[in-house]
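What follows draws every value from the coordinates through simple rules; no lab data is involved. This is a predicted model, so every value here is computed, not measured. Glycine also receives a Cβ, built like all others from the backbone with ideal geometry; neighbour counts cover every protein chain displayed.
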Amino acid sequence: MSAQTELEALFEAVLFIAERPLQTAELAQLASIPGLQAEATLAALGDELSSAGRGIRLQRLDTAWQLVTAPEVGEQLAAYAAREESRLTPAALEALAVIAYRQPCTRADVERVRGVDSDYVIRSLLHRRLIAEVGRRETPGRPVLFGTTFAFLERFGLTSIDELPRLEGEAAQVAALAAVVDRADGP
């Protein structure tokens, strides 16, 4: 087995058992190699998994990597996944949509758009790992900023947040107005 193949096998195994996406730097440190070499090895592994017609793919978001199921087998896995995950409520879908389109945003941002308390819904989305804390807003009280996760992308069959459908009509106007209000309220 070549050194490159051994590295790919190591990264594949580590990503398989990881409970969260792993950063390129973490993987490079684990293999005791430079970051650029880890990046090249991960890219090669991703190409291999995509071209081999296998049931998993290597997904990347910024500098984080995670193994995900291949879209081609998605329909066959839907019945299994339905047993594992309960459906999202309309309230949860609303809050998730606000976070997905406006991320990073705070609970107050979600509540401003929805017009109702969203504490329980946010906690539910955090528990399901569809959203995560991505930082703190630099305003008084330093509220938590939320963004979507790999689990969100995987559950909705997206490879990137850029694949979200474009907002049109009234929804686009509401989003634009909310953005103007946020700028007026400060950073």
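So here's what we get for this one:
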{"quantity": "Helix-only mean residue ellipticity at 222 nm for the chain, each DSSP H run of n ≥ 4 adding -39500 (n - 2.57), per residue, nearest 500", "calculated": "-17000 deg cm²/dmol"}
{"quantity": "Acute angle (nearest 10 degrees) that the helix 35-51 long axis makes with the longest principal axis of the chain, alpha-carbon atoms", "calculated": "90 degrees"}
{"quantity": "Rg/Rh for the range 3-74, where both radii come from Cα atoms and Rh is the Kirkwood radius", "calculated": "0.94"}
{"quantity": "Principal-axis tilt of helix 74-84 within the chain, Cα atoms, nearest 10 degrees", "calculated": "60 degrees"}
{"quantity": "Under Karplus coefficients 6.51, -1.76 and 1.60, residue-wise ³J(HN,Hα) of the range 116-126 in Hz, glycine/proline x", "calculated": "9, 4, 10, 4, 5, 5, 4, 4, 5, 5, 5"}
{"quantity": "Top positive-direction residue, dipole computed over the range 1-115 with Cβ charges, set LEU36, LEU96, LEU10", "calculated": "LEU96"}
{"quantity": "Relative contact order computed over the chain (Cα-Cα under 8 Å; 6+ residues apart), in percent", "calculated": "14 percent"}
{"quantity": "Selection from PHE150, ILE56, VAL68, by position along the positive dipole direction of the chain (Cβ)", "calculated": "PHE150"}
{"quantity": "Only Lys, Arg (+1) and Asp, Glu (-1) charged, at Cβ; the chain dipole about Cα centre in debye", "calculated": "560 debye"}
{"quantity": "Cβ-placed point charges (K, R +1; D, E -1), dipole of the range 83-172 about Cα centre in debye, nearest 20", "calculated": "260 debye"}
{"quantity": "Approximate spin-label separation ALA40-ARG166, in nm, with each point projected 7 Å along Cα-to-Cβ", "calculated": "3.9 nm"}
{"quantity": "Between helix 90-102 and the chain: long-axis angle, C-alpha atoms, 0 to 90°, nearest 10", "calculated": "80 degrees"}
{"quantity": "Cβ-derived FRET efficiency at R0 22 Å, GLN76 paired with PHE156, nearest 0.05", "calculated": "0.80"}
